[in-house]
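The values are calculated or read from the model by the stated rules, or taken from the named source; none is laboratory data. Small disclaimer: the values here were computed from a predicted structure and weren't measured. Cβ placement follows ideal geometry from the backbone for every residue including glycine, while neighbour counts extend to all protein chains displayed. In case anyone asks, the SASA skips ligands and DNA or RNA and just uses the protein heavy atoms, side chains included. Shrake-Rupley method; radii C 1.70, N 1.55, O 1.52, S 1.80 Å.
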Amino acid sequence: MAMKVNGSILLDKKGAFSNINQHNAEYAIYDFASMVKEADESKDTLYYDNDEWGQFHAKCYTPNDSFWHGLGDIAFTLLLNVSIPVFKPFLIGSTKDFDSKPNPRIHGGFLCKGCSLENYVYDEQSINKWHYQWFWDNPDKIDWSKSNDIFPRYDKALEVLRKELQKLKGNPDFIRGLEHLEKQYIASVDIDKLSAQEVVSKFYSLIMDHKAESGERISYAKEIGSKICELNYYHHEQELEDLNKCNQQIVKIYSIKRDDKYQFLSIDKRHGRFELCDDNGDHLCELMFDGTKVENSQEANHSILHISDWKRTYHK
């Protein structure tokens with residue numbers, strides 16, 4: 001489930017339907033539909049202040065109209081599926097009126113030739129990037145009510161691990177290196193039906209443990225761990241990493257602020273897990289990639305050093 005953002009998106013005249021490159025119309029509409037869907041789930045409000053978007057809104061339910069000429073049935077179906085009842089933009093008087101709408105605010109529309117992509121949302125990736133930046137800059141706006149105390153979007157962490165398991169079915173080269181029973185398991189299991197606990201257990205036994213044998217664990221752990229952190233609004237702290245270069249146990253440091261206190265995650269090289277540290281950098285415990293605590297895992301050599309210097313130097 002998406003985190004509520006309650007932002008405001010002004011459908012830009014430059015990004016209107018008439019400016020789409022007709023050769024890429026299906027892709028532009030699919031991207032726009034995915035953006036609108038994400039906006040709806042995040043409780044963002046769409047606005048428009050020009051006749052062209054008003055026309056588009058009025059005619060998007062009539063595929064036989066000449067307005068749709070050249071798009072094709074597939075493109076129309078893509079938009080129609082997300083337009084009822086999600087696509088509900090509101091007319092405002094002018095751009096100045098938009099400036100009074102709730103933050104965060106941004107312009108959006110179709111990906112069109114010549115339109116600036118800076119501060120502009122047109123697909124799922126661009127709107128997610130905007131949302132993430134808002135929560136990175138405003139951690140007090142993060143809703144922790146459905147979290148596991150580590151990840152405000154625990155479902156996203158689990159989704160990443162589940163997708164990694166799903167990739168196994170289409171990776172014969174990797175499967176060849178597994179034991180016979182593991183191969184049978186992958187061939188027969190419905191990964192979508194696995195419980196959260198099963199997803200985490202199988203992720204480590206089928207993927208992470210074998211990555212260690214091939215020497216790929218560190219790079220893979222950094223890739224997956226970073227993805228999970230960023231999807232949960234943790235911020236990569238390069239300056240703090242630089243201050244901790246002397247500690248070989250520290251790999252990629254991420255932070256999030258909650259109740260005006262920092263919570264740090266670093267990526268454990270040996271096991272492919274997270275190391276959790278408090279506001280002072282003191283190590284609390286080791287975590288699986290879904291945020292589940294590993295019992296009896298507190299180790300002093302996983303503490304993050306120079307926190308006070310980092311806060312003072314970089315005004316944290």
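Heavy-atom accessible surface of CYS277, to the nearest 10 Å², is about 0 Å², with a 1.4 Å probe and all protein chains retained.
Amide H contacts of ASP268: ARG273, PHE274, GLU275, each under 5 Å away and 5 or more positions distant or on a separate chain (H built 1.01 Å from N in the peptide plane; Pro and chain starts excluded). Straightening the chain between ASN103 and SER188 buys 25.8 nm, computed as 0.36 nm per residue apart minus the Cα-Cα spacing. Pairs of Cα atoms nearer than 8 Å and 6+ residues apart set the relative contact order; for segment 113-262 it is 25 percent. Each label was represented as a point 7 Å from its Cα along the Cα-to-Cβ direction; for GLU299 and LYS245 these points are 2.3 nm apart. Using C-alpha pairs under 8 Å with a sequence gap of at least 6, the mean separation divided by the residue count of segment 198-291 gives a relative contact order of 21 percent.
At a probe radius of 1.4 angstrom, the accessible area of segment 184-316 per residue rounds to 50 square angstrom. Once Rh for the chain is found with the Kirkwood sum over Cα pairs, what is the Stokes-Einstein diffusion coefficient at 37 °C and 0.692 mPa s, in µm²/s? Once the numbers are plugged in, D ends up at 148 µm²/s. Taken over segment 157-316, the alpha-carbon convex hull comes to 119 cubic angstrom per residue. Using a cutoff of 8 angstrom between alpha carbon atoms and counting only pairs six or more residues apart, the relative contact order for the chain works out to 14 percent.
For segment 259-303 versus segment 1-42, the spacing of their alpha-carbon centroids is 38 Å.
For segment 227-287, rounded, prolate or oblate, judged on the Cα gyration tensor with a ≥ b ≥ c (square roots of eigenvalues), a/c < 1.5 rounded, else prolate if a/b > b/c? Taking the square roots of the gyration eigenvalues as a ≥ b ≥ c, segment 227-287 is rounded. The figure for TRP136 is an accessible area of roughly 80 square angstrom, using a 1.4 Å probe on the protein chains alone. Cβ-Cβ distance of GLU179 and GLU41, R₀ of 41 Å, FRET efficiency by 1/(1 + (r/R0)^6): the value works out to about 0.50.
Between HIS23 and LYS163, the contour length at 0.36 nm per residue exceeds the alpha carbon distance by 47.2 nm.
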